[in-house]
Amino acid sequence: MLSIADLKIAVIGLGYVGLPLAVEFGKNLPVVGFDIHKKRIDELKGGQDHTLEVSPEELKQAIHLSYSANLEDLKNCNFFIVTVPTPIDEFKQPDLTPLVKASTSIGKVLKKGDVVVYESTVYPGATEETCIPVLEQVSDLKFNQDFFAGYSPERINPGDKLHRVTNILKITSGSTPEVAEFVDQVYNLIIEAGTHKATSIKVAEAAKVIENTQRDVNIALINELAVIFNKMGIDTEAVLQAAGTKWNFLPFRPGLVGGHCIGVDPYYLTHKAQAIGYHPEIILAGRRLNDAMGAYVVTQLVKAMIKKKIQVEGAKVLVLGLSFKENCPDIRNTKIIDIVHELQEYHIQADVYDPWVDVAEAQHEYNITPVQQLEQGQYDAVILAVAHDQFKTMGATEIRALGKPEHILYDLKYVLDQSESDIRL
């Protein structure tokens, strides 16, 4: 069995989750940060992180951390942490390809006594049913005899400078009681907030997947309430503020549910539920409602334009924001793209402006080229879609100056006062 003194850690996948983890471990322990994208490795070796999760100063503090895209550099490691993406495909089914590929790579360098811990969000059972067999097959080693496994779900909140990897309580688990204790000890080396040792890997997997499912269902409820109140001519935010005066009212707000967690994780749970013969009702209803919000937003905008006698076909609309959340460059599974596509269905020219987003990435992921400069008096409508600090600083007057004399200002994020916009969600 491994000891803390013998630890040589490998972090597989250096994105929003993996890099902060590798940096924290790398301050005191030997760590190899591995990523298949050489461009990412070169960037980190140059002391820069384009995700903005880790500052150049923080990267310098990780004096024991090295970066590599070469699998050979992992041969001396004995504690592997997998932090690769777990997306859904076009049919909203879990895509475990990155996990399987990562497991295949680790299997090639796996040795007796090694421990492999997965952090990627999955459905309960995926680690032991999908990942472990790959490790066994490739390495020709026996699970829980020659090597061991654990699961410690990530809780990173991209763009959040308050809740960081070290001060977020961490769930841990292991494939045997002894391994569970060891995995817990390893994470306690860096997690100041402490850990919660789950009773099994499946329990840890299930705990992670329901965290975001719960948020998704709650937001779906508020989105449905917003639709109802809009039909009644009642301001939703005013209702929520009033209801929020009760001590146990949950402070959720309506909006687009995108990103790599809340808009994805529920589909992992529902996939597994359906595989065992149960059809989830509430979870899928919430997903359908949240996935439809982009189309609802555009419908509301078009109605407002018609009421103001603004020509819809051929109109120009500016969408402020493309990332899936404020003050963050992450555009994975952003639901702003639903708004853009829906506008195009009406033959509306949609310009997107987002000072946080990389233009090349937007072009690659969504075939969108964000505008780089804002011009006054150009637009028939402006949709304030993401609450970036830059947009808050602009304020209503500066934002309205982008519109033509007759235009609609739609505030999706309650950035402005009710009197300053034409529509709010």
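Where residues in the range 311-326 are in contact (Cβ under 8 Å) with a residue 40 or more places away in the chain and assigned to a loop (DSSP other than H, G, I, E, B), which of them is farthest from Gly258 (Cα to Cα)?
So the first thing to find is which residues in the range 311-326 are in contact (Cβ under 8 Å) with a residue 40 or more places away in the chain, and the list is 311, 315-326.
Narrowing further to those that are assigned to a loop (DSSP other than H, G, I, E, B): 311, 315, 321-326.
Values: Gln311: 30, Ala315: 26, Gly321: 13, Leu322: 11, Ser323: 9, Phe324: 6, Lys325: 8, Glu326: 12 Å.
The qualifying residue farthest from Gly258 (Cα to Cα) is Gln311.
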Original post:
Listed residues Tyr346, Tyr353; which is at pLDDT 95 or above and either over 28 Å from the mean Cα position of the chain (by Cα) or not aromatic (Phe, Trp, Tyr) (or both)?
Top reply: Tyr346
Subject >> Filtered residue count, the range 144-195, keeping only those that are more than 29 Å from Ala387 (Cβ to Cβ), in contact with a strand residue (DSSP E or B) (Cβ under 8 Å, 6 or more places away or on another chain) and not aromatic (Phe, Trp, Tyr) >> reply: 19
**OP:** Report, by residue number, each residue of the range 213-264 that is among the polar types (S, T, N, Q) and touching a Phe, Trp or Tyr at 6+ places or on another chain (Cβ under 7 Å).
**Re:** Asn218, Thr236
Original post:
Which of the residues that make up the range 170-197 are out of contact with any Gly (no Cβ under 9 Å at 6 or more places or on another chain), touching a residue at least 24 places away in the same chain (Cβ under 8 Å) and not β-branched (Val, Ile, Thr)?
Top reply: Glu178, Gln185, Tyr187, Leu189, Glu192, Ala193, Gly194, His196
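Does the range 140-177 hold any residues that are assigned to a loop (DSSP other than H, G, I, E, B), open to solvent by less than 20 Å² (accessible area, probe 1.4 Å) and under 19 Å from Asn188 (Cα atoms), and which are they?
Of the residues in the range 140-177, the ones assigned to a loop (DSSP other than H, G, I, E, B) are 140-142, 144-146, 152-164, 168-169, 173, 175-176.
Filter once more, keeping what is open to solvent by less than 20 Å² (accessible area, probe 1.4 Å): 152-154, 158, 173.
Of everything in the range 140-177, those that are assigned to a loop (DSSP other than H, G, I, E, B), open to solvent by less than 20 Å² (accessible area, probe 1.4 Å) and under 19 Å from Asn188 (Cα atoms) turn out to be Ser152, Pro153, Glu154, Ser173.
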**OP:** Only one of these is under 22 Å from the mean Cα position of the chain (by Cα) and under 30 Å from Ala275 (Cα atoms): Ile88, Ile36, Ile41. Name it.
**Re:** Ile88
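Run down Ala381, Ala385 and say which single residue is at pLDDT 95 or above, buried (at least 19 other Cβ atoms within 10 Å of the Cβ) and within 15 Å of Ala304 (Cα to Cα). Steps first, answer last, please.
Values: Ala385 fails: within 15 Å of Ala304 (Cα to Cα).
When all the criteria are applied, what remains is Ala381.
Which one of these is without any contact (Cβ under 8 Å) to a residue 24 or more places away in the chain and of a type in the set (D, E, K, R): Asp146, Asp140?
Only one candidate qualifies: Asp140.
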Subject >> Candidate set from the range 297-310 (those that are within 24 Å of Ala226 (Cα to Cα), aliphatic (A, V, I, L, M) and in contact (Cβ under 8 Å) with a residue 12 or more places away in the chain); member that is surrounded by the fewest Cβ atoms within 10 Å (Cβ to Cβ) >> reply: Ala304
Original post:
What are the residues in the range 411-425 that are over 12 Å from Leu240 (Cβ atoms) and in contact with a Pro (Cβ under 9 Å, 6 or more places away or on another chain), if any?
Top reply: Leu412
Original post:
How many residues does the range 236-294 hold that are within 12 Å of Asn223 (Cα to Cα), of a type in the set (Val, Ile, Thr) and under 18 Å from the mean Cα position of the chain (by Cα)?
Top reply: 1
**OP:** Within the range 388-407, track down each residue that is under 18 Å from Lys316 (Cβ atoms), surrounded by fewer than 18 Cβ atoms within 10 Å (Cβ to Cβ) and of a type in the set (A, V, I, L, M).
**Re:** Ala401
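So, in the range 357-371, how many residues would count as being in a loop (DSSP other than H, G, I, E, B), more than 30 Å from Thr236 (Cα to Cα) and open to solvent by less than 80 Å² (accessible area, probe 1.4 Å)? Please lay out each step first, then the result.
Start the filter on the range 357-371 by keeping residues that are in a loop (DSSP other than H, G, I, E, B), which leaves 357-358, 367-371.
With more than 30 Å from Thr236 (Cα to Cα) added as a condition, the list becomes 358, 367-371.
Going one step further and asking which of them are open to solvent by less than 80 Å² (accessible area, probe 1.4 Å), we end up with 368, 370-371.
The qualifying residues number 3.
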**OP:** Only residues in the range 238-255 that are closer than 17 Å to Gln214 by Cβ count as the first member; pair them with residues that are open to solvent by 60 Å² or more (accessible area, probe 1.4 Å) and not in a loop (DSSP other than H, G, I, E, B), Cβ under 8 angstrom, at least 6 apart or cross-chain, and list the lot.
**Re:** Phe252/Arg215; Phe252/Leu221
Original post:
So which residues in the range 100-130 are within 13 Å of Thr83 (Cα to Cα) and either hydrophobic (A, V, I, L, M, F, W, C) or open to solvent by 50 Å² or more (accessible area, probe 1.4 Å) (or both), if there are any at all?
Top reply: Val100, Lys101, Ala102, Ile106, Val116, Val117, Val122
**OP:** Please specify each residue of the range 377-425 satisfying the condition of being touching a residue at least 40 places away in the same chain (Cβ under 8 Å), assigned to a loop (DSSP other than H, G, I, E, B) and at negative phi.
**Re:** Gln378, Ala385, Val386, Ala387, His388, Leu402, Leu412, Lys413, Asp422, Leu425
Subject >> Of the criteria (1) open to solvent by less than 60 Å² (accessible area, probe 1.4 Å); (2) touching a His at 6+ places or on another chain (Cβ under 6 Å); (3) in a loop (DSSP other than H, G, I, E, B), which one Leu374 fails >> reply: (2)
**OP:** For residues that are under 25 Å from the mean Cα position of the chain (by Cα) and over 24 Å from Tyr268 (Cα atoms), scanning just the range 187-205, find the one that is most open to solvent (accessible area, probe 1.4 Å).
**Re:** Glu192
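Table: residues versus (1) in a helix (DSSP H, G or I); (2) at pLDDT 95 or above; (3) open to solvent by 70 Å² or more (accessible area, probe 1.4 Å).
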site: Val217; (1), (2), (3): yes, yes, no
site: Glu224; (1), (2), (3): yes, yes, yes
site: Ile234; (1), (2), (3): no, yes, no
site: Thr245; (1), (2), (3): no, yes, yes
site: Gly258; (1), (2), (3): no, no, no
site: Thr270; (1), (2), (3): yes, yes, no
site: Gln274; (1), (2), (3): yes, yes, yes
site: Pro280; (1), (2), (3): no, yes, no
site: Gly286; (1), (2), (3): yes, yes, no
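The values are calculated or read from the model by the stated rules, or taken from the named source; none is laboratory data. Model, not experiment: these values are computed from the prediction. For neighbour counting, all protein chains shown are included, and Cβ atoms are generated from backbone atoms with ideal geometry for every residue, glycine included. Calculation scope for accessible area: heavy atoms of the full protein, side chains included, ligands and nucleic acids excluded. Shrake-Rupley method; radii C 1.70, N 1.55, O 1.52, S 1.80 Å.
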